[in-house]
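Readers should treat all values here as calculations from the given coordinates under stated rules, not as data from a laboratory. Here the structure is a predicted model, which means the values were calculated and not measured. Note: ideal-geometry Cβ built from the backbone for every residue, glycine included; neighbour counts use all protein chains shown.
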Amino acid sequence: MRIVGGNFRGLKLADVGEGDARAHLRPTTDRVRESIFNLLINGSFGNPIPGARVLDLFAGTGALGLEALSRGAARLSLVDDGTAARALIRANVERARALGVSDIWRRDATRLGPNRGPTYDLLFLDPPYGKGLGERAVASAIEGGWLSDGAVVVWEESRPPLLPAGLVQLDQRRYGDTVVTIARMVAGG
């Protein structure tokens, strides 16, 4: 697994192998990650990455968030409650030399609680497939005030997700067994 574009392009990330089913580690492939970032950068909805504050829920290896940093995001917060995942995230943040612009939080993404800091402009989430965790995590982020008006949400799942009130779908694509949905937080959502 490597960063596929931007300042960190070619950076080899910590090896996960085929993933870790017990820890729910199923890294986004380089191909799917590259497709996601091509959609974000070249989509008709405007590139949300430059200068963005990024929240990566169910961060796993941190690859999605680090890819955003590589392409010009200003700040990254990575959330995962798995011990194996946080070790991989920490190793990858160190490899990218991104400790000064990254936070790694041990937290249940489905129960974020109230946000006590600035809001986020870009949200990535890649929850364990088929468990409804993505819907709960997005609802928690909205209820807790984590997302700015106009924030872009990039959601990986095995099926099209049920978007909660406040989100409007911008695009949706299938890559093998992964459905990528891109949505925007509407003002006052």
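As a summary of the residue check, ALA137 satisfies the conditions (1) in a helix (DSSP H, G or I); (2) touching a helix residue (DSSP H, G or I) at 6+ places or on another chain (Cβ under 8 Å); (3) hydrophobic (A, V, I, L, M, F, W, C) except for the one numbered (2).
Among the residues of the range 100-125, which ones are of a type in the set (Asp, Glu) and either surrounded by fewer than 21 Cβ atoms within 10 Å (Cβ to Cβ) or farther than 20 Å from GLY166 by Cβ (or both)? ASP103, ASP108 - these are the residues of the range 100-125 that are of a type in the set (Asp, Glu) and either surrounded by fewer than 21 Cβ atoms within 10 Å (Cβ to Cβ) or farther than 20 Å from GLY166 by Cβ (or both). Whenever a residue of the range 97-113 is without any contact (Cβ under 8 Å) to a residue 60 or more places away in the chain, its partners that are basic (Lys, Arg), lying with C-beta atoms within less than 7 angstrom and at least six residues away or across chains, give the pairs VAL101/ARG75; ILE104/ARG86; ILE104/ARG90; ARG106/ARG86; THR110/ARG136. When the residues of the range 129-151 are filtered to those that are farther than 20 Å from ARG116 by Cα and not charged (D, E, K, R), which remaining residue is surrounded by the most Cβ atoms within 10 Å (Cβ to Cβ)? So, considering only residues that are farther than 20 Å from ARG116 by Cα and not charged (D, E, K, R), the one surrounded by the most Cβ atoms within 10 Å (Cβ to Cβ) is GLY134. Residue count for the range 155-184, restricted to those that are within 18 Å of ARG136 (Cβ to Cβ) and in a strand (DSSP E or B): 7.
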